[in-house]
Each structure stands twice: as C-alpha cells, then as structure tokens.
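Everything below concerns the one structure shown next.
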Amino acid sequence: MTTPLPAIPIAIRSYGADSTVDRHDFAQLVLPLSGELAMDIAGREARLDRHVAAFVETGARHDQISAVANRSIIVDLHAGALEDCAGERLARLRYVALSPDAISLVDYMGVQVARGPVPAHRLRLWTPLLVDALLGDACRPVSRLARLLPAVEAQPARNWTVDSMADHVGVSASRLHALFQQELGQTPRTWLAAVRMGRAEHLLAHTAWPIAQIAAACGYADQSALTRAMRRATGTTPGQTRRQARARA
C-alpha cells in the first residue's frame with residue numbers, strides 16, 4: 001500500500017507591529033506579495049519585500065514584525081517536501097533574492113491562493129518549480145528538457161505541438177512524453193497548457209492589454225479560446241480574473 005504524500009499547507013498572511021516569535025517542527029517559506037516586513041531567523045536579520053524571500057529551517061526560532069501593510073504567501077514544508085540539496089542550501093542562505101521568474105511565480109501562486117483552496121496535486125507541482133526559481137542551477141540535475149522549457153516559456157504564442165517540441169529536444173514524440181512524465185510528472189500538452197494559462201493570468205493581473213491581445217500573446221486562437229480554457233482550468237473568465245487582481249492591488 002502506497003503511503004500518501006502529506007498535504008502542503010499554504011496561506012496568505014499579514015504581520016503587524018507586535019512581535020510574533022515562533023518555532024515549529026516543519027520548515028517554512030515566506031514569499032512576500034506586497035509591502036515589507038523585518039524578519040529574524042535564528043539571530044540573522046533581514047528585511048523582506050517583493051525581491052527577498054525567507055526560508056525558516058525546521059525548529060529555527062523566528063520573529064517577524066512590520067509597521068506597514070503587507071501580505072506574504074506562507075508555505076509549510078514537512079519532512080520530505082524538499083530534496084536534501086535544496087533544503088540544505090536554503091537553510092544556509094535563509095534569505096533568498098527573488099529573480100524576475102521567481103517573482104512571477106509567486107504572483108501566480110498568490111492569485112490562485114487568494115481564490116480559495118488549491119488542489120493538493122497542484123501544490124506538489126508548485127514546490128519543485130518554486131525551489132528551482134529560488135535556487136536556479138544550484139541543485140538542478142542536468143535535464144534533457146533544459147533547452148525546451150525556457151524556449152516555450154519565452155514564446156508561448158508559438159504553434160507548439162508535441163512533434164515540434166520533440167524536434168527541439170532532438171527526441172521522438174514518445175520519448176518526449178516519457179521525459180515529461182519522468183521529470184515533471186505530466187504530459188507535454190498539460191505542461192504547455194499550464195504555461196500558457198499562467199502567462200495569461202499574469203498579463204491580466206499586471207497589464208492593461210486587451211483580452212484579445214493577451215490571448216494571442218499566450219498562444220490561444222482568439223479571446224473565446226482563452227475564455228474556454230480559463231473556465232476549464234480555474235472556473236473563472238479572463239474578465240473576472242482581471243477584476244479580482246485589481247481588487248487586491
């Protein structure tokens with residue numbers, strides 16, 4: 001019988017001017033969405049904002065305070081949630097500068113969490129993506145998909161097919177499917193759909209582009225195609241997604 005993976009608790013929290021000293025038996029990521037806060041992790045202090053995240057090692061005493069409005073995603077990471085290399089490196093760093101890619105991922109996560117409960121399977125997919133965005137190449141094994149993934153992410157509007165992606169990697173379509181299952185736990189089409197949807201949600205939240213322009217920029221045939229895809233993926237429309245993002249700004 002297979003032991004189920006533990007849930008990954010995730011929430012959006014704000015901190016005030018009162019000290020909130022804490023210690024717990026799991027690790028934690030603090031990913032700022034807005035504002036700033038001062039944090040002390042085992043005696044090492046730093047100021048967190050949109051460009052700096054924090055990692056609290058299991059059992060580490062930590063405190064956070066803020067005199068301004070702030071919102072952060074808090075991800076609780078129980079044993080086994082991180083590879084040894086990633087956990088050890090994050091514990092040494094404690095505070096991590098966020099790259100533009102990492103900020104985009106945190107923004108996307110914030111949009112999803114604010115909507116309501118996030119499915120457990122999606123949370124488990126986010127964890128390796130987030131660690132990869134935070135640490136870059138430091139703990140990343142050589143991937144056969146290393147050339148393909150950034151190419152698709154840079155050009156989501158391109159007419160990507162399984163065959164064209166396989167050609168980009170230099171393998172057969174069946175081998176590409178196997179690589180995606182091995183490295184990402186999903187099919188090429190599922191991953192491509194998630195990339196396009198994530199880009200569309202980011203553009204809806206952070207630009208004033210017309211929805212039709214966003215649809216074209218993200219690889220959808222037209223605005224209606226984006227609307228249908230977003231309804232299937234999130235249960236909302238592009239217009240609703242934009243209004244929700246503006247209401248939170």
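In plain terms, if you count all Cα to Cα distances in region 25-110 and split them into 5 Å steps from zero, the share in each step is 3, 15, 26, 26, 20, 8, 1, 0 percent.
Per-peptide packing, taken as the mean over residues of other Cβ atoms within 10 Å, places 166-172, 213-219 in the sequence 213-219, 166-172 from highest down. Which of the trypsin sites (Lys or Arg not before Pro) found in region 47-110 are in a DSSP loop and have at most 10 neighbouring Cβ atoms, other than their own, within 10 Å? Passing both the DSSP loop test and the Cβ count: no residue. Against the longest alpha carbon principal axis of the chain, how many degrees, from 0 to 90 and to the nearest 10, is the axis of helix 100-115 turned? For helix 100-115, the angle is close to 90 degrees. Remark on region 148-248: Rg and Dmax equal 14.6, 46 Å (Cα only).
I want to verify the translational diffusion coefficient of region 101-162 in µm²/s; compute it with Stokes-Einstein, Rh as the Kirkwood radius over Cα pairs, at 20 °C and 1.002 mPa s. Result for D is 159 µm²/s.
Rounded to the nearest 10 degrees, the angle from helix 188-206 to the longest Cα principal axis of the chain is 60 degrees. Each semi-axis of the equivalent ellipsoid for the chain is √(5λ) with λ an eigenvalue of the Cα gyration tensor; in descending order they amount to 32, 24, 15 Å. Helix 173-184: angle to the longest alpha-carbon principal axis of the chain, degrees 0 to 90, nearest 10? Orientation of helix 173-184: about 10 degrees from the principal axis. Net charge dipole, the chain: roughly 860 debye, given to the nearest 20, about the Cα centre with Cβ charges of +1 for Lys and Arg and -1 for Asp and Glu. When the helices of the chain are scored as -39500 (n - 2.57) per DSSP H run of n ≥ 4 and the total is divided over every residue, the value at 222 nm lands at -14500 deg cm²/dmol.
Where a number appears in this text, it was derived from the coordinates with a stated rule and is not lab data. What you see is a predicted model, and the numbers here were worked out from it, not measured in a lab. For neighbour counting, all protein chains shown are included, and Cβ atoms are generated from backbone atoms with ideal geometry for every residue, glycine included.
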